[in-house]
Amino acid sequence: MKTIKPDEAPVQEMEQAEIEVTENKSESGACFPPTFSVSEIKNKQRRHAMFLKLKEEKRKQKLELKKKKKKERKALGDQAPPKEVPKTIENQRIYDETTVNPEDEEVAFDEGTDEFSAYFNRLTNPKVLITTSDRPRGRTVRFCEQLATMIPHAHVYYRRGLALKRVIPQCISRGFTYLMVINEDRKVPNGLVLCHLPDGPTAHFKVSSVRLRKEMKRRGKDPTEHVPEVILNNFTTRLGHSIGRMFAALFPHDPQFVGRQVATFHNQRDFIFFRFHRYIFKNEKKVGIQELGPRFTLKLRSLQKGTFDSKFGEYEWVHKRHEMDSSRRKFHL
């Protein structure tokens, strides 16, 4: 048992009182000067608690300021100033010289002579063969099957060590217009090779954020056999225009509006988000939407002229992943 000397007792009582005062001040919130930083707190638990408290105070201040501005705008009525548009990477995008003008004669000439002109002139009907890498796992197989139910006139073929250079001539002889290869890594789909037949081009995408139908909440019933509508958003550059035409040629020409199904390819910051929905008109103003699935995200890695050729193929565009752009606001699609 340690004995306390009479001289030490007042000192320890004073230290204990200072600790209680600092704790009470920390709870009240007025314990630190304005220049104090939370990182200076040595105790991890107190530092975390103070950080959460400051974060909550900032959130309340922001909410009060928002309510105040809303009241002011309501009081001013028609004389209220226009709302401030927040700055985002998307709306601050650097202008790309290759942005497509629909009325440009050169663009119209390219559209009339490119590899997809036969489809857009209604000379061919799409027919898609979906295959996988060697020895696919269950998740990749289910992903291919769900893609086949979503894309009309699509067939799934399971490869067994057969090279793509041997698959492509067989697809051309059987009238297929597309070869779609789903690659996987660690039992998860991670790549997509989309080859337009018979003359190309071939696009290689990175696949991420795959969600199958069973993994989606509040999804609708399985899609029907009706031909869906296709929506292409923000494919504005010459490269993006080519990729958009490639996606459009996957689906038949005339959608069946009775099925009320929509396939959407939305490009944002060079990421292509795919969604598959069914819609219903509740009244003249409201529309109900159900997501059918699957959903996934694509990132273009390369665009190659002609059909798939990994050794001697000529590439129109290749994503240089190790070479950083000079600005985060510069995109390619």
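Observations, loosely collected:
- Charged side chains reduced to their Cβ positions (Lys and Arg at +1, Asp and Glu at -1) give the stretch 53-182 a dipole of some 1820 debye around its Cα centre.
- Projected-area mean, the chain, by convex hull of Cα positions, square nanometres: 31.7
- All C-alpha to C-alpha distances of the stretch 258-297, sorted into 5 Å bins beginning at zero, yield P(r) values of 6, 22, 23, 21, 14, 10, 4, 0 percent in whole numbers.
- Rg over Rh for the stretch 69-111 works out to 1.36, using Cα positions for both radii and the Kirkwood form for Rh.
- Using the Cβ-Cβ distance between GLN290 and ARG137 with R0 = 41 Å, the FRET efficiency computed as 1/(1 + (r/R0)^6) comes to roughly 0.90.
- For peptides 249-260, 66-77, sequence by mean Cβ density within 10 Å, most packed first: 249-260, 66-77
- Here the stretch 62-137 exposes an accessible surface that is 51 percent carbon and sulfur, computed with a 1.4 Å probe and the other protein chains kept in place.
- Note on the stretch 206-264: Rg/Rh from C-alpha atoms, Kirkwood Rh, equals 1.02.
- The residues of the chain expose on average 70 square angstrom of accessible surface per residue, using a 1.4 Å probe on protein heavy atoms.
- Between the beta carbons of LEU123 and GLU84, assuming R0 = 41 Å, the FRET efficiency works out to 0.20 to the nearest 0.05.
- Mean separation of Cα contacts under 8 Å (6+ apart) over length of the chain, as relative contact order %: 15
- Residue of ASN125, ASN43, ASN233 that the Gaussian network model of the chain assigns the largest fluctuation, springs spanning Cα pairs under 10 Å: ASN43
- Solution diffusion estimate, µm²/s, Stokes-Einstein, the stretch 88-222, Kirkwood Rh from C-alpha pairs, 20 °C, viscosity 1.002 mPa s: 123
- Among the listed pairs LYS42/LYS66; LYS62/LYS83; LYS70/LYS282; LYS206/LYS311; LYS87/LYS285, those beyond 24 Å (Cα-Cα): LYS42/LYS66; LYS70/LYS282; LYS87/LYS285
- Positive dipole terminus of the chain, leading residue within PHE109, THR177, GLN290 (C-beta point charges): GLN290
- Choice from LEU298, LEU65, LEU164 showing the highest fluctuation, given a GNM over the chain with Cα pairs closer than 10 Å: LEU65
- Summing +1 for each Lys or Arg and -1 for each Asp or Glu among the other residues whose beta-carbon sits under 15 angstrom from that of PHE116 gives -1.
- Computed label-point distance, nm, for sites ASP96 and THR224 using a 7 Å Cα→Cβ extension: 3.7
- Rg [Å, one decimal], Dmax [Å, integer] - the stretch 47-161, C-alpha atoms: 27.5, 72
- Extension gain for the segment GLN256 to ARG160, taken as residue separation times 0.36 nm less the Cα-Cα distance, is 31.0 nm to one decimal.
- Residue (of SER310, ASN267, PHE251) at the positive-pole extreme of the stretch 200-333, dipole from beta-carbon charges: ASN267
- In terms of overall dimensions, the stretch 199-333 has a Cα radius of gyration and Dmax of 17.2, 57 angstrom.
The values are calculated or read from the model by the stated rules, or taken from the named source; none is laboratory data. Every value quoted in this text rests on a predicted model; they were computed, and no experiment measured them. For neighbour counting, all protein chains shown are included, and Cβ atoms are generated from backbone atoms with ideal geometry for every residue, glycine included. For the accessible areas, the whole protein counts, side chains as well, though only heavy atoms, and no ligand, DNA or RNA atoms are used. Shrake-Rupley method; radii C 1.70, N 1.55, O 1.52, S 1.80 Å.
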